[in-house]
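Q: Could you have a look at this structure, given as structure tokens, before my questions?
The values are calculated or read from the model by the stated rules, or taken from the named source; none is laboratory data. These numbers were taken from a predicted model, which means no experiment stands behind them. Every residue, glycine among them, receives a Cβ derived from its backbone with ideal geometry; neighbour counts consider all protein chains shown. Protein only, heavy atoms only, side chains kept; ligands, DNA and RNA dropped before computing areas. Shrake-Rupley method; radii C 1.70, N 1.55, O 1.52, S 1.80 Å.
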Amino acid sequence: MSVRTKAIFDISDPLLFKQQLLSWASCCEELVWLDSNAYPDTYRQYDAVLAVEAFTAIKTDTQNAFEKLKEYQQTTADWIFGYLSYDLKNDTEYLKSKNSDGLHFPELYFFQPQKLFLLKGNKLEVQYLRMVDDEIELDFTEINEIVIAEKGTENQQKSANIQSRLSKEAYLEKVEAMLKHIRRGDIYEANFCQEFYVENIDLNPIQVFNQLNAISNPPFASFLKLEDYYAMCTSPERYLQKIGNHVISQPIKGTAARDSDPRIDASIAQKLSEDDKERSENIMIADLVRNDLSKTASRGSVKVEELCKLYSFKQVHQLISTISAEISEEIPAVEVLKTTFPMGSMTGAPKISAMKIIEDLEETKRGLYSGAIGYFTPESDFDFNVVIRSILYNAERKYASFSVGGAITAQSNPEKEYNECMVKAKAMRQVLESQS
């Protein structure tokens with residue numbers, strides 16, 4: 001196990017310090033930033049986490065990916081940060097990915113950081129590998145001296161020419177095809193997604209992330225930089241968390257746009273919480289997650305803590321369920337991920353059939369979209385989000401992408417599903433179109 005030197009600092013202004021910390025980290029070759037945006041979460045361990053500068057790393061395609069990750073995680077026995085792409089489905093099931101891929105991210109990428117920052121309230125815990133621990137005080141002083149520019153003073157970029165991989169007409173046709181599968185009994189529900197992309201673009205990823213995060217302020221925001229691969233993620237959804245033997249998953253299904261009028265907004269929230277179609281989406285996925293967790297859970301320990309609970313975010317209301325389980329100590333942490341991945345909220349039910357139909361009808365390889373970003377601790381605990389509401393960027397290829405989707409059920413109206421996608425796409429489109 002790698003030995004780390006720890007230090008504790010008092011932070012007078014956590015919001016300002018988070019801005020300074022991310023600005024300081026932007027020059028690092030590898031970094032993962034996780035930010036709760038102070039959203040209330042009884043399960044949260046830290047308000048914000050930053051990991052930078054790889055000491056060791058692993059990246060791989062889908063072949064034996066989870067076994068390679070398990071070996072790396074157990075051998076390293078330290079903090080590791082990174083991502084799982086959606087297409088790791090091909091490692092766990094007899095599936096393929098054949099669709100267009102403009103991003104070309106590795107399927108799995110994790111690293112062991114030299115420097116780690118854990119912020120909780122007004123306390124900052126710093127953990128550096130011994131090889132760099134003489135830099136702790138120097139770095140902390142440097143971070144605090146960073147001056148954050150006022151909004152509107154950042155360097156502006158060229159306006160993005162956003163293209164859609166699917167026309168609206170093609171999207172509606174494909175949803176109808178999905179509905180035919182449902183009527184035939186092939187599936188009960190599937191998450192169908194579409195990509196929007198920009199070619200030949202130079203982005204300032206930190207600036208884009210800050211703008212996107214300011215719009216949404218979600219509880220599972222993350223910024224990832226590994227080589228030329230970037231993720232600017234403003235996710236509201238937790239995929240899976242493990243603390244000790246306790247595991248929780250919090251799938252989201254059911255979305256409605258918020259209104260500036262409090263009375264109208266309250267009415268929208270009430271209608272969403274009582275909507276039979278939205279609730280059925282959520283309940284089917286909650287049941288799927290229960291089944292997935294039962295593969296590694298102790299007998300009788302899987303519980304639905306919350307079902308279709310209404311949560312309100314800055315832009316949307318959502319229905320979220322919380323499912324928990326207890327796992328045996330002999331179950332490897334990576335095995336819990338492997339047996340539940342990809343997450344049910346981004347696939348459908350039955351899961352394998354849904355993934356086959358998704359691959360057939362979608363035009364774009366999902367890659368990191370609808371995958372997960374997160375970390376493992378030295379104790380083999382972990383916490384991962386669901387990569388949605390995100391802009392992905394390959395700086396070498398100058399290709400940026402964001403995808404949106406929704407659950408298709410027997411009650412789905414294709415036109416309404418398309419409109420829901422546009423609501424989800426609003427923030428990403430707004431940020432990219434404002435780069436002028």
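Q: Kindly indicate whether any position in the stretch 119-133 is surrounded by fewer than 20 Cβ atoms within 10 Å (Cβ to Cβ), within 30 Å of Y311 (Cα to Cα) and either modelled with pLDDT under 95 or in contact with a His (Cβ under 8 Å, 6 or more places away or on another chain) (or both).
A: no
Q: Does K168 satisfy the criteria of being within 30 Å of A354 (Cβ to Cβ) and more than 25 Å from the chain's Cα centre (by Cα)?
A: Answer is yes for this residue.
Q: Output the residues belonging to the stretch 270-305 that are of a type outside the set (A, V, I, L, M, F, W, C) and without any contact (Cβ under 8 Å) to a residue 24 or more places away in the chain.
A: Q270, K271, E274, D275, N291, R299, G300, K303
Q: Another one. Of the conditions (1) among the hydroxyl-bearing types (S, T, Y); (2) surrounded by fewer than 24 Cβ atoms within 10 Å (Cβ to Cβ); (3) in contact with a helix residue (DSSP H, G or I) (Cβ under 6 Å, 6 or more places away or on another chain), S321 fails just one. Which one is it?
A: Result: S321 passes all but (2).
Here is a yes/no grid of residues against (1) over 29 Å from Q20 (Cβ atoms); (2) acidic (D, E); (3) open to solvent by 30 Å² or more (accessible area, probe 1.4 Å):
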site	(1), (2), (3)
Q211	no, no, yes
K225	no, no, no
E237	no, yes, no
R290	yes, no, yes
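Q: Residues to consider are A400, A410, A354; find the one that is open to solvent by less than 20 Å² (accessible area, probe 1.4 Å) and within 26 Å of M284 (Cα to Cα).
A: Values: A400 fails: within 26 Å of M284 (Cα to Cα); A410 fails: open to solvent by less than 20 Å² (accessible area, probe 1.4 Å).
None of the other options fit; the residue is A354.
Q: Something else about it: State whether the residues of the stretch 363-372 include one that is outside any loop (DSSP other than H, G, I, E, B), crowded, with 20+ Cβ neighbours inside 10 Å and in contact with an Asp or Glu (Cβ under 7 Å, 6 or more places away or on another chain).
A: Just the residues of the stretch 363-372 that are outside any loop (DSSP other than H, G, I, E, B), to begin with: 364, 372.
Now narrow it down to the ones that are crowded, with 20+ Cβ neighbours inside 10 Å: 364, 372.
Restricting the remaining residues to those that are in contact with an Asp or Glu (Cβ under 7 Å, 6 or more places away or on another chain) gives 364.
Within the stretch 363-372 (the criterion being outside any loop (DSSP other than H, G, I, E, B), crowded, with 20+ Cβ neighbours inside 10 Å and in contact with an Asp or Glu (Cβ under 7 Å, 6 or more places away or on another chain)), the answer is yes, since at least one residue qualifies.
Q: Taking helices (runs of 4 or more DSSP H) that fall entirely within the stretch 1-119, which contain at least 3 residues that are polar (S, T, N, Q) and in contact (Cβ under 8 Å) with a residue 12 or more places away in the chain?
A: 14-25, 65-76
Q: Also, quick follow-up: Which of (1) open to solvent by less than 50 Å² (accessible area, probe 1.4 Å); (2) under 17 Å from E335 (Cα atoms) does N64 not meet, given it meets every other one?
A: (1)
Q: Give me a count of the residues in the stretch 353-367 that are touching a helix residue (DSSP H, G or I) at 6+ places or on another chain (Cβ under 6 Å) and closer than 22 Å to L103 by Cβ. Working first, answer last.
A: Here is the first cut: in the stretch 353-367, the residues touching a helix residue (DSSP H, G or I) at 6+ places or on another chain (Cβ under 6 Å) are 355, 357, 361, 366.
Subsequent filtering for residues that are closer than 22 Å to L103 by Cβ retains 355, 361, 366.
Selection size over the stretch 353-367: 3.
Q: Condition first: in a helix (DSSP H, G or I), at pLDDT 95 or above and either out of contact with any Ser or Thr (no Cβ under 9 Å at 6 or more places or on another chain) or surrounded by fewer than 16 Cβ atoms within 10 Å (Cβ to Cβ) (or both). Can you find one or more residues in the stretch 147-168 that meet it?
A: Step one: of the stretch 147-168, the residues in a helix (DSSP H, G or I) are 168.
Pick out the ones that are also at pLDDT 95 or above and you get 168.
Among the residues that remain, those that are also either out of contact with any Ser or Thr (no Cβ under 9 Å at 6 or more places or on another chain) or surrounded by fewer than 16 Cβ atoms within 10 Å (Cβ to Cβ) (or both) are: 168.
Yes, the conditions are met somewhere in the stretch 147-168.
Q: State whether the residues of the stretch 279-288 include one that is open to solvent by 20 Å² or more (accessible area, probe 1.4 Å), more than 30 Å from D381 (Cβ to Cβ) and outside any loop (DSSP other than H, G, I, E, B).
A: Scanning the stretch 279-288, I find at least one residue that is open to solvent by 20 Å² or more (accessible area, probe 1.4 Å), more than 30 Å from D381 (Cβ to Cβ) and outside any loop (DSSP other than H, G, I, E, B), so the answer is yes.
Q: Let me confirm something: among E326, E306, which residue is open to solvent by 40 Å² or more (accessible area, probe 1.4 Å), in a strand (DSSP E or B) and within 21 Å of A372 (Cβ to Cβ)?
A: E306
Q: Only one residue in N161, N210, N204 is under 25 Å from H104 (Cβ atoms) and out of contact with any strand residue (DSSP E or B) (no Cβ under 7 Å at 6 or more places or on another chain). Which one?
A: Being under 25 Å from H104 (Cβ atoms) and out of contact with any strand residue (DSSP E or B) (no Cβ under 7 Å at 6 or more places or on another chain) holds for just one of N161, N210, N204, which is N204.
Q: Scanning the stretch 377-411 for residues that are in a loop (DSSP other than H, G, I, E, B), of a type in the set (S, T, N, Q) and at pLDDT 95 or above, which turns out nearest to the chain's Cα centre (by Cα)?
A: Among those residues, the one meeting the criterion is T377.
Q: Considering only the stretch 178-188, I want to know if a residue exists there that is under 28 Å from A372 (Cα atoms), among the hydroxyl-bearing types (S, T, Y) and assigned to a helix (DSSP H, G or I).
A: Within the stretch 178-188, the first condition is being under 28 Å from A372 (Cα atoms), and the residues that meet it are 178-179, 181-182, 186-188.
Filter once more, so that each one left must be among the hydroxyl-bearing types (S, T, Y): 188.
If we keep only those that are assigned to a helix (DSSP H, G or I) as well, we get none.
No, the stretch 178-188 contains no residue that is under 28 Å from A372 (Cα atoms), among the hydroxyl-bearing types (S, T, Y) and assigned to a helix (DSSP H, G or I).
Q: Sticking with this structure for a sec: Do the conditions hold for V423, that is, is it in a helix (DSSP H, G or I) and either in contact with a Pro (Cβ under 7 Å, 6 or more places away or on another chain) or surrounded by fewer than 18 Cβ atoms within 10 Å (Cβ to Cβ) (or both)?
A: It is true that V423 is in a helix (DSSP H, G or I) and either in contact with a Pro (Cβ under 7 Å, 6 or more places away or on another chain) or surrounded by fewer than 18 Cβ atoms within 10 Å (Cβ to Cβ) (or both).
Results for (1) under 30 Å from H181 (Cα atoms); (2) modelled with pLDDT of 95 or more; (3) part of a helix (DSSP H, G or I), shown as yes or no for each residue.
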residue	(1), (2), (3)
Y197	yes, yes, no
V208	no, yes, yes
L212	no, yes, yes
L224	no, yes, no
A231	no, yes, no
T234	no, yes, no
